[in-house]
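Here is the structure we will look at, set down as structure tokens.
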Amino acid sequence: MSEARPRYTVWIDAPAGWVPVPAGGTDPGPWAAETAQQFWDAAAPDRATPGAIADTAAVLAARARDCQTRTWIHALLRLTSPEAPPAMTAELQLLVPEGPDDPFTVDAFSAALVKRNRRAVVNREQLPAGPAVRCLRPTRGPREGLRRPTLTQVVHGIFPPQLQREGLVLVTTGTGLTKGSPALAEVDELATRISVEVLA
């Protein structure tokens, strides 16, 4: 008889600048309008025209709808300027093995990441939520006219010891995520702010 899966809650204490995306099945329009207004009021109130705020809200709503097409525990956008699209998208997802005999370790996850992308840079690390692996790999962004820009994706695979055969994956996509960059440091900090609480 298999053991019952633990009931738990996953938290992510996002730093300033990261905003949570509304859950799937909800209309992101009101959230986008409120977020855009607050962002313009804080960053550039002298240029916060109705048209500028509406443009920002439209971009935020579109990015939120794109996130809502996938399954995640938490999704966040990194806002840097009200006049620019979100610099990064981060999605915290549940990681489960496909079958009872599948290897489910940091080493196995690292090997799978390298196998899928030979250009990936993979490192093991220890995060507050548990043993982890970080992968830095190139990816293609959404099509822009006739081209698809190359972006960078950072994958943190985290194996909280209290979850046994379940883990977490933080997938962050954006530009400027190079070794030693401030953007990559922000993503690494985001990964350190993930915590797991097992419920009684």
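In whole percents, the pair-distance distribution calculated for the range 148-200 from its alpha-carbon pairs, binned every 5 Å from zero, is 4, 17, 25, 19, 13, 10, 7, 3, 1, 0. Give me the angle, in degrees from 0 to 90, between the Cα long axis of helix 106-116 and the longest principal axis of the Cα atoms of the chain, rounded to the nearest 10. Between helix and principal axis, roughly 60 degrees.
Taking every protein chain into account, the accessible area of the chain amounts to 56 square angstrom per residue (probe 1.4 Å). Over the Cα atoms of the chain, the radius of gyration divided by the Kirkwood radius equals 1.00; this is the Rg/Rh ratio. The listed residues Asp188, Asp46, Asp66, once ranked by accessible area (1.4 Å probe) with the largest placed first, stand as Asp46, Asp66, Asp188. For the chain, a Gaussian network of Cα nodes joined below 10 Å ranks Thr89, Thr175, Thr26 by mean-square fluctuation, and the top entry is Thr26.
In whole percent, how big is the carbon plus sulfur part of the accessible area of the range 1-87, probe 1.4 Å, protein atoms only?
On the way: 2880 of 5050 Å².
Within the range 1-87, the accessible surface is 57 percent carbon and sulfur.
Converting phi to 3J(HN,Hα) with the Karplus coefficients 6.51, -1.76 and 1.60 and the offset θ = phi - 60°, the range 164-172 yields 6, 9, 10, x, 10, 10, 9, 10, 10 Hz in sequence order, with x at every glycine or proline. Net charge dipole, the chain: roughly 860 debye, given to the nearest 20, about the Cα centre with Cβ charges of +1 for Lys and Arg and -1 for Asp and Glu.
The values are calculated or read from the model by the stated rules, or taken from the named source; none is laboratory data. These numbers were taken from a predicted model, which means no experiment stands behind them. Every residue, glycine as well, gets a Cβ built from its backbone with ideal geometry; the counts of neighbours run over all protein chains shown. When the accessible area is computed, the model is the full protein with side chains, heavy atoms only, and any ligands, DNA or RNA have been set aside. Shrake-Rupley method; radii C 1.70, N 1.55, O 1.52, S 1.80 Å.
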